[in-house]
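Here's the structure, in structure tokens; my notes come after.
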Amino acid sequence: MGLGRYMARRFLIAFTTLFVIVNVQFFIFQVVNPVDPVRLMIGPGFTPETRQMLIVLYGLDKPLFERYFIYIKNLYTFTFGISFLSRRPVIVDILSYLPNTLYLLGLAMIFRLLFGIISGLTAASKRGKRWDVTIVSIGLISWAMPAFILQLLFRFVFCSQLKWFPFGMMTSYPPPTAPLEYLKDLLYHTALPVTTMVAMGFGSWAFYTRNLLVGVLTEDYVLTARAKGIKERIIVWKHGFRVILPPIVTMIFLGLPGLITGAIITEYIFTWPGLGWWLVHSTMNADYPSVQAMFFIYSILMLLSNFLADLTYGYLDPRIRVGMRR
Amino acid sequence: MGSSMRRIKLKIMLSRIKGFWEEYRRNRIGIVGLAIILFFIITAFLAPVISPYNPTDKGLAVPLALPLWMKMFPKNQDLPSTQISEIDFTIAESNDYIDVEFTNYDPEICGFLETTTIRDWKVKYNGGPTDPLEIKLIWNFNYPYQSPPIIRQSFRWRVVDIRNIGYNIELSLVRWGNEPAEYSLWDSNFKKGTPEKSLKYKEDYIYGDWPRLVKISTDYEESLSRIAPQVGLKEGITSKSVLKEMFPEKGEYGLIMYVRLNPKSTNASCEIDIIDPEYVLLGSAHGILGTNHEGADILSRLIYGVKVSLSIGLIVAVISVVIGTFIGVVSGYVGGFVDEVNMRLVDLLLCLPIFPLLLALVLMFGRDLYLIMFLLALLSWMGLSRTVRSQVLSLREMAFVESAIASGATKGYILVKHIIPNITPLVFTSMMLSIPGAILSESSLSFLGFGDPKVMSWGRIINNAMNFGAFPRGAWWWIFSPAVAIMLLSAGFVFVSHALDQIINPRLRQRK
């Protein structure tokens, strides 16, 4: 019951926030926006009639009030109107780009966590030794170093100079038809962006995990466990990792939005046909229906990740779970 | 009494600062960070002095010229570096009837904006026999490199007081080596489509007093089409292939200028001025960090970019820290409704997709550096205000605050004397961290092509590099020097903030 009410409250807050964000967006994009999208759509050779036709076609002649309701309806029914740029319903574009982004990010996230947590745990259990120092320095470097530097470097060395990896897009063109061949081709194209994302991301995870675990390993109950003669590995897993899991999971969810926006630059560098690449493209071309849709999706993802972070924290941390029951 | 109090306080503060510095000095990472930041600050201030060129100068060398120090490798040993010289002619063949004098034209009279000439020439003819006459001016130079990618010559000339005479001016390049050869580069009668030496004399039109500018360059099609037949090239005519034939070896070369006159009667006269002759060899190796696609010096652009990045970092960080601290302190200290409103605002802003929003706003309201700074500051204070608020909340419950309240201190007094001093270290550390954040955000924006087009920032250099073929042509110096600069500068601030954190945060201080 306690968890249900907690969830319901969180959900309500998230929904209200989304509503406010949607309104802010409408205000920014349709009320104060000084750019005339139609002017960007048509060339100088177009007649005023064509211009008028486009304005009517995209509903830009309707009063603001009516446009607001159309906008709200479009967002909450996930249709998002028609893109100025591709002249297709925005949802079609999104559905073609979203899986690519999710695939890239999912893969990158899994490997980041895997490498990050394992090396962080190792570093903490060997505190002060060479391994620990290495992990801490890598963490600091990847914190200070903008991700795109490594990506530029990898693209330069492995794509442009050595030509070990293909550059740009997800598959060769035309993509191979046999499923096994397709998978091979896909992985071949994925390797470089994912590697760079993992290399840039895992250091901070390792750093974070290490610092959490170092704190835990100085606790009295760890001392007790050590005194009982329990193996160090078991102490790290059972007394350490279990305790630091809630903040880690929370961080995973809280880091999701950053991961998504961070992918914009990765996708731009490797011309990966994902949401981020498309966002830059449509922002550049003042394709506001698409940009609005992207904002909506990004906001939902943000809210969702915050919501999930709250939820898992509540679920994984017994102190909070008990507190909620009360 | 009051003044001695103040003196004691000052002493305490000084000893505190000294103690802090003692502790900071022992932190190696912190010192490295501080050194990096100082280096960049000095660079920013000295930019006009230490930058070898103006950042807007183009055509300083060949596009994508290698850094000069790459000549240390044997493969690049003979790469030409940029040479710009005055052509210092001497008279090789004179004629009794032609007066050749050395003058130095006043740039004002010539109407030039700038001239650097050491030698201008005046060729005068005033009556004599009616045979064709010729004089020859020559300038020799040593060419110690492999064949050059582009060479240029330029000068101005004019004819005045012309009467009953035909004239012709010709510039040619001569190779003195084992197989001497002479290539005609330009002559005053040359018309496109007549590749053979067209040495007809002409007098049909004069240019009056205004000196005409002649520019000969092996990357101009007109100059190439004249030179190519002379070296026997029929196809694959590029500046490089033609110059390979013209400069097959290191050694002595020369530029010769002929002035030929063809008087039609005994009272013929004319005066020809050759002004500001210049010879430019565009090097394939240039400067410390090479050139970009326009032949602009990358090091200079980098040096001028320091100021942009530093000021963005500092200004954005200061504004956002001020906003964040203010909101945090007010929230935590006033509490109640104000706190609720503030925290909901923070929640809301944190849920906005900041980076996409920045892209959209920048494109809508103009790509202006100040706008970008303003937006960055406005969208980056939220995290700090949360931390400050929680800090203030816990400080409010501390015993020393309670005792201050008990002894009748006002809210404002407590705020100024107890709360603010206690959150200062936190605020300062987080400011150090938000500086690289702002620098990175701006460079990401410029990098995606959303930066201020009037400002040469580091991100924009990388954006240019990506858009103008640095990757396929392997111009690593163009891509990576701004990238490394960005990294170094942000690393400096991260190091300093790390060190401050170690000193200020007692939990971290214990471990050593």
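Taken together, B:Glu22, B:Glu101 contain a single residue that is of a type outside the set (A, V, I, L, M, F, W, C) and either in contact (Cβ under 8 Å) with a residue 12 or more places away in the chain or within 28 Å of B:Arg156 (Cβ to Cβ) (or both), which is B:Glu101.
Residue check, A:Pro34 against (1) within 29 Å of A:Asn306 (Cα to Cα); (2) within 14 Å of chain B (Cβ to nearest Cβ); (3) modelled with pLDDT under 85; (4) exposed (fewer than 11 other Cβ atoms within 10 Å of the Cβ), all met but one. Which one? Failed condition: (1). For residues in the stretch A:238-271 being away from chain B (no Cβ under 12 Å) and among the aromatic types (Phe, Trp, Tyr), which is nearest to the chain's Cα centre (by Cα)? Residue satisfying both the conditions and the ranking: A:Phe253. Only one of the numbered conditions (1) modelled with pLDDT of 85 or more; (2) within 14 Å of chain B (Cβ to nearest Cβ) is violated by A:Thr218, and that is (1).
So, in the stretch B:325-374, of the ones that are aromatic (Phe, Trp, Tyr) and under 30 Å from A:Val280 (Cβ atoms), which residue ends up nearest to the other protein chains (Cβ to nearest Cβ)? The residue in question is B:Phe355.
When the stretch B:212-239 is limited to residues that are part of a loop (DSSP other than H, G, I, E, B) and polar (S, T, N, Q), the one that is surrounded by the fewest Cβ atoms within 10 Å (Cβ to Cβ) turns out to be B:Thr238. For the stretch B:118-126, the criterion of being in contact with a Cys (Cβ under 6 Å, 6 or more places away or on another chain), crowded, with 16+ Cβ neighbours inside 10 Å, at pLDDT 80 or above and over 30 Å from B:Lys244 (Cα atoms) is satisfied by at least one residue.
Return the only residue of B:Lys18, B:Lys11, B:Lys71, B:Lys58 being modelled with pLDDT under 85 and assigned to a helix (DSSP H, G or I). Before the answer, list the steps.
On the way: B:Lys18 fails: modelled with pLDDT under 85; B:Lys11 fails: modelled with pLDDT under 85; B:Lys58 fails: assigned to a helix (DSSP H, G or I).
Exactly one of B:Lys18, B:Lys11, B:Lys71, B:Lys58 is modelled with pLDDT under 85 and assigned to a helix (DSSP H, G or I), namely B:Lys71.
Is it true that some residue in the stretch B:291-298 is more than 30 Å from B:Tyr53 (Cβ to Cβ) and surrounded by fewer than 19 Cβ atoms within 10 Å (Cβ to Cβ)? Within the stretch B:291-298, not a single residue is more than 30 Å from B:Tyr53 (Cβ to Cβ) and surrounded by fewer than 19 Cβ atoms within 10 Å (Cβ to Cβ).
Residues that are modelled with pLDDT of 85 or more, under 20 Å from the mean Cα position of the chain (by Cα) and not basic (Lys, Arg) do occur in the stretch A:117-139.
For the stretch A:187-198, the condition holds for no residue, the condition being that it is within 14 Å of chain B (Cβ to nearest Cβ), surrounded by fewer than 18 Cβ atoms within 10 Å (Cβ to Cβ) and under 26 Å from B:Leu488 (Cβ atoms).
Restricting the first member to the stretch B:43-60 and to residues that are more than 17 Å from B:Leu310 (Cα to Cα), and the second to residues that are among the charged types (D, E, K, R), the beta-carbon pairs closer than 8 Å and six or more apart or on different chains are B:Pro52/B:Asp297; B:Tyr53/B:Asp297; B:Pro55/B:Asp297; B:Pro55/B:Arg301; B:Asp57/B:Asp297; B:Lys58/B:Glu294; B:Gly59/B:Glu294; B:Leu60/B:Asp297.
For every residue, the table says whether it meets (1) surrounded by fewer than 23 Cβ atoms within 10 Å (Cβ to Cβ); (2) without any contact (Cβ under 8 Å) to a residue 12 or more places away in the chain; (3) more than 23 Å from A:Gly255 (Cβ to Cβ).
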{"residue": "B:Val330", "(1), (2), (3)": "yes, no, yes"}
{"residue": "B:Asp339", "(1), (2), (3)": "yes, no, yes"}
{"residue": "B:Asp347", "(1), (2), (3)": "yes, yes, no"}
{"residue": "B:Leu379", "(1), (2), (3)": "yes, no, no"}
{"residue": "B:Arg386", "(1), (2), (3)": "yes, no, no"}
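Can you confirm whether the stretch A:67-87 contains a residue that is under 17 Å from A:Thr283 (Cβ atoms), over 25 Å from the mean Cα position of the chain (by Cα) and loosely packed, with under 14 Cβ neighbours inside 10 Å? Looking through the stretch A:67-87, none of the residues is under 17 Å from A:Thr283 (Cβ atoms), over 25 Å from the mean Cα position of the chain (by Cα) and loosely packed, with under 14 Cβ neighbours inside 10 Å.
Is it the case that some residue within the stretch B:245-257 is touching a Pro at 6+ places or on another chain (Cβ under 7 Å) and modelled with pLDDT of 75 or more?
Residues of the stretch B:245-257 touching a Pro at 6+ places or on another chain (Cβ under 7 Å): B:247, B:250.
The next check asks that each one be modelled with pLDDT of 75 or more; those that pass are B:247, B:250.
Within the stretch B:245-257, one or more residues are touching a Pro at 6+ places or on another chain (Cβ under 7 Å) and modelled with pLDDT of 75 or more.
Within the set B:Ser441, B:Ser430, B:Ser446, the sole residue that is under 20 Å from the mean Cα position of the chain (by Cα) and among the hydroxyl-bearing types (Ser, Thr, Tyr) turns out to be B:Ser446.
Consider B:Leu378 carefully, then state whether it is within 14 Å of another protein chain (Cβ to nearest Cβ), under 25 Å from B:Ser446 (Cβ atoms), in contact with a Phe, Trp or Tyr (Cβ under 9 Å, 6 or more places away or on another chain) and not β-branched (Val, Ile, Thr). So B:Leu378 fails the test.
Do we have A:Leu183 as surrounded by fewer than 18 Cβ atoms within 10 Å (Cβ to Cβ), within 14 Å of chain B (Cβ to nearest Cβ), part of a helix (DSSP H, G or I) and of a type in the set (A, V, I, L, M) here?
Values: surrounded by fewer than 18 Cβ atoms within 10 Å (Cβ to Cβ): yes; within 14 Å of chain B (Cβ to nearest Cβ): no; part of a helix (DSSP H, G or I): yes; of a type in the set (A, V, I, L, M): yes.
The answer is no for A:Leu183.
Taking helices (runs of 4 or more DSSP H) as the structural unit, those lying wholly within the stretch B:422-512 and holding at least 2 residues that are within 13 Å of chain A (Cβ to nearest Cβ) and buried (at least 22 other Cβ atoms within 10 Å of the Cβ) correspond to B:458-467, B:476-504.
The C-beta contact set for the stretch A:6-17 (first residue under 16 Å from B:Leu352 (Cβ atoms), second residue of a type outside the set (Lys, Arg), distance under 6 angstrom, 6+ apart or interchain) comprises A:Ala14/A:Leu303; A:Ala14/A:Phe307; A:Thr17/B:Leu348; A:Thr17/B:Cys351.
The values are calculated or read from the model by the stated rules, or taken from the named source; none is laboratory data. It should be emphasised that the depicted structure is a prediction, and the values quoted were computed from it without experimental measurement. Note: ideal-geometry Cβ built from the backbone for every residue, glycine included; neighbour counts use all protein chains shown.
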